[in-house]
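The values are calculated or read from the model by the stated rules, or taken from the named source; none is laboratory data. Since the structure is predicted, the reported quantities are computational estimates derived from the model, not experimental observations. Every residue, glycine as well, gets a Cβ built from its backbone with ideal geometry; the counts of neighbours run over all protein chains shown. Each accessible area value is taken on the protein alone, full model and side chains, heavy atoms only, with ligands, DNA and RNA left out. Shrake-Rupley method; radii C 1.70, N 1.55, O 1.52, S 1.80 Å.
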Amino acid sequence: MIEFLIGVDGGGTGTRVRLARTDGVELAEGVSGPSGLMHGIANAWASVEDATAMAFRAADLELPGKDKIAIGLGLAGVHNRAWAAEFVAANPGYARVALETDGHTTVLGAHRGQPGSIIALGTGSVGEIKRADGVHVEVGGWGFPAGDEAGGAWIGLRAVNHVQQVLDGRMPASPFSADLAQACGGGRDALQNWLAKATQTQYAQLARIVLQHGESNDTARAILLEAGRQVELMGNALDAGGKLPIALCGGLAAPLRPYLPVSMLKRIVTPQGDSAAGALRLIQQRLKE
């Protein structure tokens, strides 16, 4: 008999779980390393289990048998259907598993299961809408470097291109370019070494520098305004008629607000819950079906 529910928000940099009783009353949270499927199926399950164990400890509860736990998950990498099937097949014994993309669970959490859309802005970016007919449609989320417009790594990539031009003498130096160069090791040789090893996460870390200079440097501001324009394009693609609310989610949601077009700001609402809450809602729905 199922006694507990777990909602999982799993991405490329970390995993957060929410523990609840079957009536939906939330008890505790747990966190661990990345569980995005691009990091491997075994690693994903290990992170989920670590965070789950932490949540039970935080609730001062004994970790029960997995047959007493139903788990809902919103994970990065679920677009790869082979990975998703392999992940579900590797279920280590949970009574029920419901798996969707992290965008799917984010929209469920942001609007408490009601129709609406989200644009999630973190290391990457994705937009998703739950239409009035219950159908989910996704926009973006193609991944870095080819997509993920307005995400941290996308912003960082443009910042690195700028510092390359400065080091070459194609653009004038500034405090902005100096801070970027220092973050990447210094001069041309150091930047070449940085580029050879840089991950999506390292590119995304440069977004903080762009934001710091957004009001004082024209290039930084231009990058951020283009990010805002990309957010608007996603919003229009999700809901051209502008009938449903859009919740901005993720670590860059608040910092990028000043750079959004005014027409976009009028459509923005505050999320009512997060992806982990949406994952709990997902597993509750599946258990009722």
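From most to least packed by mean Cβ count within 10 Å, the peptides 269-278, 256-265 give 269-278, 256-265. The angle between the Cα long axis of helix 188-197 and the main principal axis of the chain comes to about 20°, on a 0 to 90 degree scale. Only protein atoms count toward the accessible area here, which uses a 1.4 Å probe; on segment 115-270, the carbon and sulfur part of that area reaches 53 percent. Local charge for ALA89 was computed over the other residues whose Cβ lies under 15 Å away, with Lys and Arg +1 and Asp and Glu -1, and equals +1.
Scaling the Cα radius of gyration of segment 115-270 by the globular reference 2.2 N^0.38 Å produces a ratio of 1.11. Using a simple spin-label model with pseudo-atoms 7 Å out from Cα toward Cβ, GLN114 and MET1 lie 3.5 nm apart. Here's how it looks for GLN272: its modeled amide H is under 5 Å from those of HIS111, ARG112, which are all 5 or more places away or on a different chain.
Report the convex hull volume per residue for the chain, counting only C-alpha atoms, in Å³.
133 Å³
Along segment 98-112 the Karplus relation, 6.51 cos²θ - 1.76 cosθ + 1.60 evaluated at θ = phi - 60°, assigns HN-Hα couplings of 10, 10, 9, 5, 5, x, 4, 6, 5, 5, 5, x, 5, 10, 6 Hz to successive residues, with x for each Gly and Pro.
With all pairs of different C-alpha atoms in the average, the Kirkwood value for the hydrodynamic radius of segment 14-56 is 10.4 Å. Between ARG286 and LEU233, the simple label model (points 7 Å from Cα in the Cβ direction) yields a spacing of 3.4 nm.
Helix 275-288 versus the longest principal axis of the chain: what is the Cα-based angle in degrees, 0 to 90, to the nearest 10? With both axes taken from Cα atoms, the answer is about 30 degrees. For the chain, the solvent-accessible area with a 1.4 angstrom probe is 46 square angstrom per residue.
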